[in-house]
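Peer 1: Structure incoming, see below.
The values are calculated or read from the model by the stated rules, or taken from the named source; none is laboratory data. These numbers come from a predicted model, not from an experiment. In this analysis, Cβ positions are derived from the backbone assuming ideal geometry, glycine residues included, and neighbour counts consider all displayed protein chains. Accessible surface is based on the protein model in full, side chains and every heavy atom, while ligands, DNA and RNA are left aside. Shrake-Rupley method; radii C 1.70, N 1.55, O 1.52, S 1.80 Å.
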Amino acid sequence: MSTLRVYSRQDCHLCELLLSELGPLVDGRVGLEVRDVDTRDEWREAFGWRVPCIEYEDRVICEYHLDREAISAILAAQL
């Protein structure tokens, strides 16, 4: 199963909103890994304040807001 990686941080309203929208959209169709950027120096350096950020296959899919079309395309390719 493929995995979407979401880079986020604690107490981030945009992160919470994106995750609440993303969860039902992917609903077990792909893996979902949430990474807190403040827990690792390399994540903090790479993403800083660019959270939330979704990566798929080492490519940034969207930042700050959920790109439903991009996620739908990824899900369609999983079929």
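Peer 1: Taking the chain as the region of interest, what is the percent of Cα-Cα pairs per 10 angstrom bin, listed from the shortest bin to the one with the maximum distance?
Peer 2: 19, 56, 23, 2
Peer 1: Still on this structure, I have one more. Got a sec? What order do D11, D67 fall in by accessible area at 1.4 Å, biggest, i.e. largest, first?
Peer 2: Largest to smallest exposure gives the sequence D11, D67.
Peer 1: For the chain, which whole-number percentage of the solvent-accessible area (1.4 Å probe, protein heavy atoms only) is attributable to carbon and sulfur atoms?
Peer 2: 48
Peer 1: For the chain, what's the relative contact order in percent, using C-alpha pairs closer than 8 Å and at least 6 residues apart?
Peer 2: Rounded, it is 38 percent for the chain.
Peer 1: To test your reading of the geometry: what angle, between 0 and 90 degrees and rounded to tens, separates the Cα axis of helix 68-77 from the longest principal axis of the chain?
Peer 2: The angle comes out near 50 degrees.
Peer 1: Report the Cys residues of the chain lacking a disulfide-compatible partner, meaning no second Cys Cβ under 4.7 Å from their Cβ.
Peer 2: Those would be C53, C62, since no other cysteine Cβ in the chain comes under 4.7 Å of theirs.
Peer 1: Assign unit charges at the C-beta atoms only (+1 for Lys and Arg, -1 for Asp and Glu), then state the dipole size of the chain relative to its Cα centre in Debye, rounded to the nearest 20.
Peer 2: That gives a dipole near 120 debye.
Peer 1: Where both residues lie in the chain, what percent of DSSP beta bridges are antiparallel, nearest 5?
Peer 2: 55
Peer 1: Consider a paramagnetic label point 7 Å from the Cα of L25 along Cα→Cβ; state which residues of the stretch 50-79 have an amide N under 13 Å from it.
Peer 2: 52-56, 61-76
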